[in-house]
Amino acid sequence: MPKIKICGLTRPQDAQAAAELGADAVGLVFYPQSKRYVSVPQAREVVAALPPQVAKVALFVNASAESVRAVLAQLPIDILQFHGDEPPEFCCQFGKLYWKAVRVRQARDIADAAARYADAAALLLDAHIEGQYGGTGQSFDWRLLPESMPLPWILSGGLNADNVAEAVRQTGAAWLDVSSGVERAPGIKSRDLMARFVRQAREE
């Protein structure tokens, strides 16, 4: 049964619904250019609505080390997710597990990232859309996934209730990451869409 991360939460009621529906992790976006950006006070409200067993993931895109540390000092973050061009030595300096997003165009992108970010807790495999760092609603070609991966990995990019069952069948993904596929508007999640996604992902 795949684990599920619902990313880009901006409202405590959506966080509560995600947890009730069985999400294993939620993502908070600290990238000011994102439509799903949250300030620390906003994020604090979201986190307060979550039970302890749901992992809190903080997403950054080419942020400064100071801004990452400022978030960590104010919020109980479990995992850092780096979605930009951060080198491995940047990602591993905070004493937290980290996931590194890989924008996939070809199979070599995955292999290169697995070698370069060998100390990552997981690679998050997303679609490559020029000039955008995630949250695009686009999928990459799942046939590019290698038969074996040296690191744990998370399937992301363009997932929704209509394609997630097939995605799990095709890829065998142990982790799924969804954002726009369960939204009514950017950053505003739909309980019904989240429920459908979880049900289809786990074929309940």
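The values are calculated or read from the model by the stated rules, or taken from the named source; none is laboratory data. On a predicted model such as this, the values are computed, not experimentally measured, just so you know. As a convention, Cβ positions derive from the backbone with ideal geometry for all residues, glycine included, and neighbour counts pool all protein chains shown. For the accessible areas, the whole protein counts, side chains as well, though only heavy atoms, and no ligand, DNA or RNA atoms are used. Shrake-Rupley method; radii C 1.70, N 1.55, O 1.52, S 1.80 Å.
Would you pick out the residues in the range 178-195 that are under 18 Å from residue 139 (Cα atoms) and either open to solvent by less than 10 Å² (accessible area, probe 1.4 Å) or in a loop (DSSP other than H, G, I, E, B) (or both)?
If the condition is that a residue be under 18 Å from residue 139 (Cα atoms) and either open to solvent by less than 10 Å² (accessible area, probe 1.4 Å) or in a loop (DSSP other than H, G, I, E, B) (or both), then 178, 179, 182, 186 are the ones that fit.
Please state which of the following conditions residue 17 fails to meet, knowing it meets all the rest: (1) touching a helix residue (DSSP H, G or I) at 6+ places or on another chain (Cβ under 8 Å); (2) in contact (Cβ under 8 Å) with a residue 40 or more places away in the chain; (3) closer than 22 Å to residue 153 by Cβ; (4) open to solvent by less than 40 Å² (accessible area, probe 1.4 Å).
So residue 17 meets the others, but not (3).
Restricted to the range 156-177, and to residues that are of a type in the set (Val, Ile, Thr) and open to solvent by 10 Å² or more (accessible area, probe 1.4 Å), which residue is modelled with the lowest pLDDT?
171
Which condition from (1) crowded, with 18+ Cβ neighbours inside 10 Å; (2) free of Cβ contacts under 8 Å to residues at least 60 places away in the same chain; (3) of a type in the set (Val, Ile, Thr) is the one that residue 40 breaks?
Condition (1) is where residue 40 drops out.
Looking at residue 73, is it modelled with pLDDT of 95 or more, outside any strand (DSSP E or B) and among the aliphatic types (A, V, I, L, M)?
yes
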